[in-house]
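Visitor: To start, I am sharing the structure in question, which I have written as structure tokens.
The values are calculated or read from the model by the stated rules, or taken from the named source; none is laboratory data. Predicted model, so just to flag it, every value in this text is computed and none were measured. Neighbour counts are summed over all protein chains in view; Cβ atoms, including those assigned to glycine, are modelled from backbone coordinates with ideal geometry. Heads up: the accessible areas ignore ligands, DNA and RNA and are worked out on the full protein's heavy atoms, side chains in. Shrake-Rupley method; radii C 1.70, N 1.55, O 1.52, S 1.80 Å.
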Amino acid sequence: MSPSYPKAHGLLDGKVALVTAAAGAGIGYATARRCAEEGATIVVSDKHERRLAAAAESLAELTGVKPLAVPCDVTSQAQVESLFEAVEQAHGRLDVLVNNAGLGGTAPLAEMTDEQWQAVIDVTLNGTMRCTRQALRLMIPRGCGAVVNNASVIGWRAQHGQAHYAAAKAGVMALTRCVALEAAEHGIRVNAVAPSLAVHPFLAKVTSEELLAELAAKEAFGRSAEPWEVANVIVFLASEYASYMTGEVVSVSSQHP
């Protein structure tokens, strides 16, 4: 049984927060909603323009404020630069970046093509790097800010057919730790969450019921997480309640190394 949806406590009052891959019904959308509910002015981005526009409309209905929505493919440095320029032009600064963009897939390595490997790495790891780099260029002159990356427990443990995704997510974890050291001298924090199974309609559509049930049974609570439960931890890491946390990868699950 899932817990009740949380009440807001103003954890991000006055902050400007950007969430990538925020269209759809997964962790990105849930995070954008929770950031807005906690008082942040949000900017949402996604590669899929139609779904992004729908997500912005939905967020406006739920929160009363329509967010700036900027299409962006994180595999393109030019589009990433345009995204952050749009944030700066609209709001004058960026306080929080949530790197949620990622790409999955299943293929044994012996059957995997270079294109499959590169696609997952470019979105999940390189995209996180590109957005983090651009965020730091806005945050460093101000001497403050928080970056929260979406990693995965697969970055710690093995799973059949997931060599590319596991390598990308392990890379996100290592990137988080290294950038945290570089950013600390500028008053900027960089952390990550590592969810395991957070079920939403799209995942349920592309994953068999048998596999979802098998994965859920491995969880301490015997169920998958709600996307907003992962979003709650992201909001915490973005907030001043985590003011002395940096370089951490927080498992949103009982699964950790």
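Visitor: Over the Cα atoms of the stretch 12-108, compute the convex hull volume and normalise it per residue, giving Å³. Intermediate values should be presented prior to the final figure.
Guide: Numbers: hull volume 9.4 nm³, N = 97.
For the stretch 12-108, the hull spanned by Cα atoms encloses 97 Å³ per residue.
Visitor: Whole number in Å², please: accessible area per residue of the stretch 141-192, 1.4 Å probe, ligands, DNA and RNA not counted.
Guide: Working: 1980 Å² over 52 residues.
Here the per-residue accessible area is 38 Å².
Visitor: To continue, here is another question. Measuring with a 1.4 Å probe in the full set of protein chains, what accessible area per residue, in whole Å², belongs to the stretch 1-87? Spell out each step's value before the answer.
Guide: Working: 3950 Å² over 87 residues.
Solvent-accessible surface per residue comes out at 45 Å².
Visitor: For Cα extents along the principal axes in Å, the choices are (1) 42, 39, 38; (2) 59, 45, 42; (3) 47, 40, 38; which was calculated from the structure?
Guide: Evaluating Cα extents along the principal axes in Å on these atoms matches (3).
Visitor: A further question follows. Provide the solvent-accessible area of Asp73, counting protein heavy atoms only and rolling a 1.4 Å probe, rounded to the nearest 10 Å².
Guide: Asp73 exposes around 30 Å² with every protein chain in place.
Visitor: Here is a follow-up. Could you tell me the accessible area of Glu209 in Å² (1.4 Å probe, neighbours in place), rounded to the nearest ten?
Guide: For Glu209, solvent-accessible area is about 150 Å².
Visitor: Helix-derived [θ] at 222 nm for the chain: sum -39500 (n - 2.57) over DSSP H runs of at least 4, divide by residue count, nearest 500? If you can, show how the numbers build up before the last one.
Guide: Values: 9 runs with 111 residues, N = 257.
Estimated from H runs of four or more residues: -13500 deg cm²/dmol.
Visitor: Could you work out how far apart the two model spin labels at Asp114 and Ala60 are, taking each label as a point 7 Å from the Cα in the direction of the beta carbon, and quote it in nm?
Guide: 4.5
Visitor: First compute the accessible area of the stretch 62-139 with a 1.4 Å probe, then give the percent of it belonging to carbon and sulfur atoms. Before the final figure, lay out the partial values.
Guide: On the way: 1860 of 3700 Å².
Roughly 50 percent of what the probe reaches on the stretch 62-139 is carbon or sulfur.
Visitor: About its Cα centre, how strong a charge dipole does the chain have in debye, to the nearest 20, once Lys and Arg get +1 and Asp and Glu get -1 at the Cβ?
Guide: Numbers: 20 positive and 26 negative charges, 66 e Å.
Result for the chain is approximately 320 debye, rounded to the nearest 20.
Visitor: Can you list the residues, at least 5 places off or on another chain, whose amide H is less than 5 Å from the amide H of Ala198, using H built in the peptide plane?
Guide: For Ala198, the qualifying residues are Ala225.
Visitor: Shape verdict for the stretch 214-257, please, from the Cα gyration tensor: rounded (a/c under 1.5), prolate (a/b greater than b/c) or oblate.
Guide: Details: a/c = 4.02, a/b = 1.92, b/c = 2.10.
Verdict is oblate for the stretch 214-257.
Visitor: Arg133 accessible area, nearest 10 Å², 1.4 Å probe?
Guide: Looks like 90 Å² after rounding.
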